[in-house]
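Here the structure comes first, spelled out in structure tokens, and everything after it is commentary.
The values are calculated or read from the model by the stated rules, or taken from the named source; none is laboratory data. Since we're looking at a predicted model, the values are computed, not measured. For neighbour counting, all protein chains shown are included, and Cβ atoms are generated from backbone atoms with ideal geometry for every residue, glycine included. Heavy atoms of the whole protein, side chains included, go into the accessibility calculation; ligands, DNA and RNA do not. Shrake-Rupley method; radii C 1.70, N 1.55, O 1.52, S 1.80 Å.
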Amino acid sequence: MPHIPGRRAALAAGGSLALLLGSTPGTAVTPPTGTPAAGSTTVTDCAPEAHPSLAEGLTETIGAAPGFAPATGDVTALTVFVDFPDSEADISTRDRFDEFFPATADHFAASSYGRLAYRAVPLHHWLRMSQPFEDYGIDRGAGWRPDDDQGYNRLLHEIVDALEDDPDFTGFADYDLLNVLAAPDAGPPATEQVLS
């Protein structure tokens with residue numbers, strides 16, 4: 001999960017329009033080589049029915065790469081809500097938030113065997129983006145690339161700029177990552193293409 005200590009890291013977060021919860025879309029985590037640290041728990045230790053190819057080389061002690069939030073411990077996520085001129089939100093941010101929480105936090109607690117406490121802190125109002133959703137060029141598998149001025153990068157720049165002008169926003173210092181919940185009608189229906 002991307003770590004957000006300040007504006008630059010917020011731009012480096014990349015992520016999903018539905019919810020930033022895991023690895024940056026379009027990227028793969030390459031585990032380091034070598035022997036797991038003493039006392040580490042491998043996927044096969046905590047989930048013996050896991051497929052062997054999924055468990056190989058994966059441990060809780062891979063460690064978070066610089067700029068990424070840890071996979072264990074307490075993680076706090078600033079949760080913002082965005083809509084677009086072509087898909088204005090027709091529900092409250094509280095209703096949209098309730099679609100994901102507490103289920104998301106419960107999922108992380110259960111799937112981490114109690115090792116991850118995920119807390120979402122919502123900023124309860126819609127941030128209107130300047131362009132229609134399609135103009136951002138976000139497509140399935142679109143990853144965040146620092147040199148790309150379109151897609152997620154363009155959207156995140158605009159979100160960060162909007163937050164800096166938001167009187168309710170106090171800064172990124174208290175958050176480990178940024179969740180972006182888009183209006184339900186933004187983008188194609190999930191039955192056609194999932195962009196999260």
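Considered as a group, the residues in region 126-138 that are assigned to a helix (DSSP H, G or I) and out of contact with any strand residue (DSSP E or B) (no Cβ under 6 Å at 6 or more places or on another chain) include one that is nearest to A162 (Cα to Cα), and that residue is Y136. Residue count for region 105-125 satisfying the condition of being among the aromatic types (F, W, Y), in contact with a helix residue (DSSP H, G or I) (Cβ under 9 Å, 6 or more places away or on another chain) and open to solvent by less than 60 Å² (accessible area, probe 1.4 Å): 1.
Condition check ((1) in a helix (DSSP H, G or I); (2) in contact with an Asp or Glu (Cβ under 9 Å, 6 or more places away or on another chain)) across all residues:
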| site | (1), (2) |
| --- | --- |
| T104 | yes, no |
| A110 | yes, no |
| G114 | no, no |
| H124 | no, yes |
| N153 | yes, yes |
| L156 | yes, no |
| A162 | yes, no |
| F172 | no, no |
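So that you can scan it fast, the table gives a plain yes or no per residue for (1) surrounded by 15 or more Cβ atoms within 10 Å (Cβ to Cβ); (2) touching a residue at least 60 places away in the same chain (Cβ under 8 Å); (3) not small (G, A, S):
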{"site": "D149", "(1), (2), (3)": "no, no, yes"}
{"site": "E158", "(1), (2), (3)": "yes, no, yes"}
{"site": "D168", "(1), (2), (3)": "no, no, yes"}
{"site": "A182", "(1), (2), (3)": "yes, yes, no"}
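If you scan region 77-104, which residues turn out to be open to solvent by less than 20 Å² (accessible area, probe 1.4 Å) and either over 30 Å from E134 (Cβ atoms) or within 18 Å of the chain's Cα centre (by Cα) (or both)?
Our first condition is that a residue be open to solvent by less than 20 Å² (accessible area, probe 1.4 Å); within region 77-104, this holds for 77-84, 87, 93, 101, 104.
Scanning region 77-104 gives A77, L78, T79, V80, F81, V82, D83, T93, F101, T104.
Name the single residue, out of those in region 128-171 being of a type in the set (G, A, S) and closer than 23 Å to P189 by Cβ, that is modelled with the highest pLDDT.
Of all residues in region 128-171, those of a type in the set (G, A, S) come to 130, 137, 141-143, 151, 162, 171.
Within this subset, residues satisfying the condition of being closer than 23 Å to P189 by Cβ are 137, 141-143, 151.
Values: G137: 81, G141: 61, A142: 58, G143: 60, G151: 76.
Of everything passing the filter in region 128-171, G137 is modelled with the highest pLDDT.
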